[in-house]
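K.L.:
Following this message is one structure expressed as structure tokens.
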Amino acid sequence: MLNKMMVAGSALFIVACGPIDEASDVHHDGLVYCSEGNPESFNPQLGTSGTTVDATSAQLYDRLLDYDAKLQQFVPALARGWQAFDKGTRYRFDLRENVQFHTTDWFTPSRSFNAKDVIFSFERWLDKKHPYHDVNGGRYPFFRSSGLINLIERVERVDDYTVDFHLKRSDSSFLANLATDFAVILSEQYATQLLHQKTPEQIDRFPVGTGPFEFELFRKDFIIRYHAHEDYWREQPEIKRLVYVITPNANKRMLKLLTGECDVIPYPLINELSKLDHDAEIKVGSSVSPNISFWAFNTQQPPFDNVLVRQALAHAINRPAIIQTIYNGNARLATGMLPETSWAYSPVQQTYPYDPAKARALLEQAGYPNGFSMSIWAMPVQRAYNPNAHRMAELMQSDLAQVGVQVNIVSYEWNTFRQRLVAGEHDSVLIGWVADNADPDNFFRPILSCAAARSGNNRALWCNPEFDQLLVDAIAESDLDQRKHLYQFVEDMVMQHAPLVPIANSLRFQAHRADIEGVELPPYGGINFRYARRVNDVPL
Amino acid sequence: MFRYSLRRMVLLLVTLWLLTLLIFALNYWYPGDPLTNMTGIKFSDTLAYQQALVARGFDGSLLSQYFSFMAHLLQGDWGASMVTEQPVFAEIKPLLGATLELGLLAMLLAIVLGIPLGVYAAIQQRGKLDRLIMGLSLSAYSIPVFWLAQLFILLFAVKLGWSPISGQIDPLYAIDINTGSILIDIWLSDSDYRIAAFTDALNHLWVPVIVLSIMPLTMLIRIMRNAVLDVLQQNFIKAARARGLSDSTIMFRHTLPNAMQPVVRQLGLQFSVLMTNIIITEVIFNWPGLGSWLVKSIYERDFPVIQGGLLVLASIILLVNVMVDLVHAWRYPHIRKEIDAK
């Protein structure tokens, strides 16, 4: 050993600075993604963390159906097709044949994908008595918060390639939830094998799926290694070796992208972005995230119970200036609750244009000609939808002073902050929401319904039965055009009553080397390397 | 020599025993359940928890808990990480390999460069080169490792592009982890791109090795210089000169062997400094070694891992110090006499 060390030591200084030519072949069909953290597990059903989703969903697994953001419609995946029966309370899925699961060191499948796998994947979290329900935590936060766990009554196998989902009521967000990154299909045969070996917890650590990449190795804090799945049922990925290098430090990620040690990085530093964009070697991609930042008024308290006051305040703030200052222009001015990427979105003129004169007139009309004083609560943490709430509150403070409203800015530690919000101690608050799925309902019901007001998630504490009824009608409607129409009413109602002022939909960023193509950020869900490829053979 | 060695070994064992006492006590001082801190088994995992309760003697007195703690420790059952749920002991081997690779190469570099430079400075005493070497070593000694590492990364990796920023090897080379030392692992692997991978690994290695070696290197230069100057003033050197021995004979036969004595004594101390710096260096260079593992575990409050990391690092430092002492005493018998006389 010492001898080898000596050889290595002396060789060190001879070859250290030489160019590496032999290396280019491993780089040709390999890709390095410098991810921002460790995945919590290798099964997205168990969590809601974006890092886990990025590392697993699109790479290791497939879903019954996918959502095509460009066409804005659902497309077949493991299900070739589907039909709704019984007024939308029963969905029949026609499954694809000859779909192979991964063959790994720890599992060799003897059959291809069929109805058993679908039933296992759903019953694991639906059925509390399922042998796998409590394995690795037994919490399925996405299915719980989306209500899917209460919506699906049972999943029934009709034959090997047909399954029926029985729902408790009709719900048009059902397909959207099935198309999310969380509703992945696991292998029932692998699960049974692990149960026999008495090591069921391995199912989420040594994953087996049908996805384009197979799991090879995970070293916490350092590396995740995948290779292409040779029997993938769709087009083979061009990248044969995919490596995630875990790099939590954003500066280091940026530098490693510049030196070519990373091919793709998520969350590049926002203030360095402009610099990167000019660099010929680096390309920056962005997509509008399904998130919204808003300013909610406590409608239970005077003077905010007066709709005129709320409208006046909405006119008093200069939102385009906020977008420039807080987001460096990396966000879209929100015209309503729904972001541009939602299928239910309709383009509208700018709502509540910046108009201090009109704001003053409205205040006078409401009986506050000399203004009043109020508090704005600014959340103490950074979020994708609002990188600096405190600074935003300061900008609004000076805008509001113009119309005679005196503002003091309030902030607490994050947990205390949320507890006090639930207690309704605030006048107004700067906060936001990140949607879990493509369904427009996800932008209204959790934020503005009466139920949300009771649970404290409705930061405006605004409860309007008429509005709730409109939401129920919209979700029960299965015709897309009709639904879209209904959501316009919903948006209009939010606009008129102004329980909150939508501010921005922020953009999500990712940067990659110029020779990498096909790594696009989907607006919903995690990163996908299935279409990634290296254009020219450029040695690092 | 035998008595001296025995005394050192007993001292080592006593220190190690005190270390286990400290680590055992830490389980109770950390927040949370001592049994969970020790084994990584959570209370919610009822069956395993009950089994561990019995196996670890938690149904008995504190003394029986300590005895069972020692028994498990010696059997290599160091509990499982609370984050990854992997056994701590099994995780240590590759990490230790990576740390030792970095540390030994840095120490080797410091010795190979430090000793000749120190001797050279002594011969050239008060000459221009002496002043240059001493000036450089003093300023390099004053630079903290974390800053030097960042500086080298900016210069060599980002500006000049001579080396990658961090890591052991380009991750696209799939080298099986065996010993943890990347050079040895490549040597052992049977992949087709061994040569390319080896070159790439060396390319990743040289910046952290230089960063790490700076501190012991500058110390060795200074110690060596002073030691040589001391010896050169001794009467036996004057006598040798008077007898007409050549300069090189005086240097290699008489001066150097005597001057090495304080240097050897310092090596153990320098190794301890190196192990402290290696923790910082590993974090900055994403080196998969014990140091970065320990730091991560502290962030994550992963108590079984903290214990394992502490135990291994402390034991290595202790062992190396005792080894150096033994070599020193074996090589320079008069030191033994001095110690025995006391």
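K.L.:
For region B:8-150, what does the relative contact order come out to in percent, with C-alpha contacts under 8 Å and a separation of six or more? If you can, show how the numbers build up before the last one.
P.N.:
Details: 70 pairs, mean separation 17.3, N = 143.
Once divided by the residue count of region B:8-150, the mean separation gives 12 percent.
K.L.:
Continuing with this model, one more query. For the pair A:E156 and A:L333, what calculated FRET efficiency results from E = 1/(1 + (r/R0)^6), where r is the Cβ-Cβ distance and R0 = 56 Å, to the nearest 0.05?
P.N.:
Once rounded, the FRET efficiency stands at 0.75.
K.L.:
Using just the helices of chain B, give the 222 nm mean residue ellipticity in deg cm²/dmol: DSSP H runs with n ≥ 4 each add -39,500 (n - 2.57), and the total is spread over all residues, rounded to 500.
P.N.:
Roughly -24500 deg cm²/dmol at 222 nm, from the helical runs in chain B.
K.L.:
If you don't mind, there's one more thing I want to ask. At 7 Å along Cα-to-Cβ for each site, give me the label-to-label distance between A:V381 and B:S246 in nm.
P.N.:
7.6 nm
K.L.:
Same structure, new question: Which of A:V118, A:V284, B:V320 has the fewest other C-beta atoms within 10 Å, and how do the rest follow up to the most? Walk me through the numbers on the way to the answer.
P.N.:
Details: A:V118 24, A:V284 14, B:V320 19.
By the 10 Å Cβ count, ascending: A:V284, B:V320, A:V118.
K.L.:
Using the Cα gyration tensor of the protein assembly as shown, with a ≥ b ≥ c the square roots of its eigenvalues, what is the shape: rounded (a/c below 1.5), prolate (a/b larger than b/c) or oblate (neither)?
P.N.:
Because a/c hits 1.5 or more and a/b exceeds b/c, the protein assembly as shown counts as prolate.
K.L.:
On a straight-distance basis, which aspartates and glutamates could pair with A:K252 in a cross-link, Cα separation under 19 angstrom, same-chain partners fewer than 8 positions away excluded?
P.N.:
Cross-link targets: A:E36, A:D221, A:E261, A:D263, A:E272, A:D277, A:D279, A:E281, B:D170, B:E282.
K.L.:
Within the set A:K198/B:K93; A:K129/A:K240; A:K129/B:K93; A:K70/A:K256; A:K198/B:K296, which residue pairs have Cα atoms separated by over 29 Å? Numbers along the way, then the final one.
P.N.:
On the way: A:K198/B:K93 27 Å; A:K129/A:K240 40 Å; A:K129/B:K93 40 Å; A:K70/A:K256 31 Å; A:K198/B:K296 31 Å.
Exceeds cut-off: A:K129/A:K240; A:K129/B:K93; A:K70/A:K256; A:K198/B:K296.
K.L.:
Something else: Among B:L151, B:V83, B:V119, flag the residue with its Cα farthest along the positive direction of the charge dipole of region B:73-156, charges on Cβ as +1 for Lys/Arg and -1 for Asp/Glu.
P.N.:
With unit charges placed on the Cβ atoms, the residue in question is B:V119.
K.L.:
Based only on other Cβ atoms within 10 Å, what is the fewest-to-most ordering of B:D325, A:D181, B:D302?
P.N.:
B:D325, B:D302, A:D181
K.L.:
Once you order the gyration tensor axes a ≥ b ≥ c over the Cα atoms, which shape class does region A:2-246 get: rounded for a/c under 1.5, otherwise prolate or oblate by comparing a/b with b/c?
P.N.:
prolate
K.L.:
Can you find, among A:N249, A:I447, A:I527, the residue sitting farthest towards the positive end of the charge dipole of the protein assembly as shown, where Lys and Arg contribute +1 and Asp and Glu -1 at Cβ?
P.N.:
Highest projection toward the positive end goes to A:N249.
K.L.:
How much length is gained if the chain between A:Q197 and A:L71 is pulled fully straight, taking 0.36 nm per residue apart and subtracting their Cα-Cα distance, in nm to one decimal?
P.N.:
Details: separation 126, 0.36 × 126 = 45.36 nm, distance 4.49 nm.
Extra length available between A:Q197 and A:L71 comes to 40.9 nm.
K.L.:
Can I ask one more? Please sort by residue number the chymotrypsin sites (Phe, Trp or Tyr not before Pro) in region B:142-172 whose DSSP state is loop and whose Cβ has at most 15 other Cβ atoms within 10 Å.
P.N.:
Details: sites: B:F146, B:W147, B:F152, B:F156, B:W162; in loops: B:W162.
Answer by residue number: B:W162.
K.L.:
Return the whole-Å distance between the Cα centroid of region B:56-85 and the Cα centroid of region B:288-329.
P.N.:
Each part's Cα centre sits 19 Å from the other's.
K.L.:
Here's a follow-up. Determine the calculated [θ] at 222 nm for chain A from helices alone, applying -39500 (n - 2.57) to every DSSP H run no shorter than 4 residues and normalising by the residue count; nearest 500 deg cm²/dmol.
P.N.:
So the helix-based figure for chain A works out to -9000 deg cm²/dmol.
K.L.:
What helices does chain B hold that run 30 Å or longer along their axis, going by alpha-carbon atoms, with a Kyte-Doolittle average of -0.5 or more, using DSSP H for the helix calls?
P.N.:
Answer set is B:2-29, B:88-123, B:194-232, B:256-284, B:303-331.
K.L.:
So how do B:T255, A:T259 line up by other beta-carbon neighbours within 10 Å, fewest first? Let's see the in-between values first.
P.N.:
Numbers: B:T255 25, A:T259 16.
In order of increasing Cβ crowding within 10 Å: A:T259, B:T255.
K.L.:
Hey, rough spin-label estimate for A:T104 and A:R234, points 7 angstrom out along Cα→Cβ, what's it come to in nanometres?
P.N.:
The answer from the label model is 2.0 nm.
K.L.:
How big is the Cα convex hull of region A:444-540 in projection, averaged over all directions, in nm²?
P.N.:
Working: hull surface 38.7 nm².
Mean projected area of the Cα convex hull: 9.7 nm².
K.L.:
Still on this structure: Looking only at other chains, what is the average number of their beta-carbon atoms within 10 angstrom of each beta-carbon in A:254-267?
P.N.:
3
K.L.:
While we're on this one: Mind checking which lysines have their Cα closer than 23 Å to the Cα of A:K87? Skip sequence neighbours fewer than 8 apart in that chain.
P.N.:
The qualifying lysines are A:K168, A:K484.
K.L.:
Let me ask something additional. Roughly how many Å is it from the Cα centre of region A:515-529 to that of region A:321-353, as a whole number?
P.N.:
Centre-to-centre (Cα) distance: 23 Å.
K.L.:
Using a basic spin-label model with each label point 7 Å from the Cα along Cα→Cβ, how many nm lie between B:D45 and A:C450?
P.N.:
Between B:D45 and A:C450, the label points sit 4.8 nm apart.
K.L.:
Can I ask one more? Residue by residue through B:197-207, how many Cβ atoms from other chains fall within 10 Å of the Cβ on average?
P.N.:
Shielding by partners across B:197-207 averages 5.
K.L.:
Which FRET efficiency value, to the nearest 0.05, is calculated for A:H28 and A:D94 with the Förster distance at 56 angstrom and r the Cβ-Cβ distance?
P.N.:
FRET efficiency, A:H28 to A:D94: 0.90.
K.L.:
To continue, here is another question. Set the Förster radius R0 to 30 Å, insert the Cβ-Cβ distance between A:N415 and A:K168 as r into 1/(1 + (r/R0)^6), and round the FRET efficiency to 0.05. Could you put the intermediate results ahead of the total?
P.N.:
Numbers: r = 34 Å, r/R0 = 1.14.
So the FRET efficiency works out to roughly 0.30.
K.L.:
While we're looking at this one, here's another question. Shielding by partners for A:216-224, please: the mean number of other protein chain Cβ atoms within 10 Å of each residue's Cβ. Could the numbers behind the result be given before it?
P.N.:
Details: counts 1, 3, 1, 5, 9, 10, 8, 6, 1.
Mean partner shielding for this stretch: 5.
K.L.:
Within 11 Å, Cβ to Cβ, of A:C450, how many net charges do the neighbouring residues add up to if Lys/Arg are +1 and Asp/Glu are -1? All intermediate terms of the calculation are to be shown ahead of the outcome.
P.N.:
Working: positive: A:R445, A:R454; negative: A:E466, A:D468.
That works out to 0.
K.L.:
Which of these, B:F58, B:F271, B:F285, has the largest mean-square fluctuation under a Gaussian network model of chain B (Cα springs below 10 Å)?
P.N.:
Maximum fluctuation in the GNM of chain B, among the listed residues, is at B:F58.
K.L.:
Treating cross-link reach as a plain straight distance, find the aspartates and glutamates whose alpha-carbon is under 16 Å from the alpha-carbon of A:K358, omitting any fewer than eight places away in the same chain.
P.N.:
Output for A:K358: A:D399.
K.L.:
How would you classify region A:291-506 from its alpha-carbon gyration tensor, with a ≥ b ≥ c the square roots of the eigenvalues: rounded for a/c under 1.5, else prolate if a/b is greater than b/c, otherwise oblate?
P.N.:
Note, shape of region A:291-506 comes out rounded.
K.L.:
Within the set of other residues whose C-beta is less than 10 Å from the C-beta of A:R90, count the net charge using Lys and Arg as +1 and Asp and Glu as -1.
P.N.:
So the environment of A:R90 carries a net charge of -2.
K.L.:
Tell me the Kirkwood radius of region B:196-273: reciprocal of the mean inverse pair distance over distinct alpha-carbon atoms, in Å. Intermediate values should be presented prior to the final figure.
P.N.:
Working: mean 1/r = 0.0671 Å⁻¹.
It is 14.9 Å.
Computed from the coordinates by the stated procedures, all read-outs in this text should not be read as laboratory data. Please read these numbers as outputs of a predicted model, since none were measured by experiment. Here the Cβ is made from the backbone with ideal geometry for all residues, glycine too, and neighbour counts use every protein chain on show.
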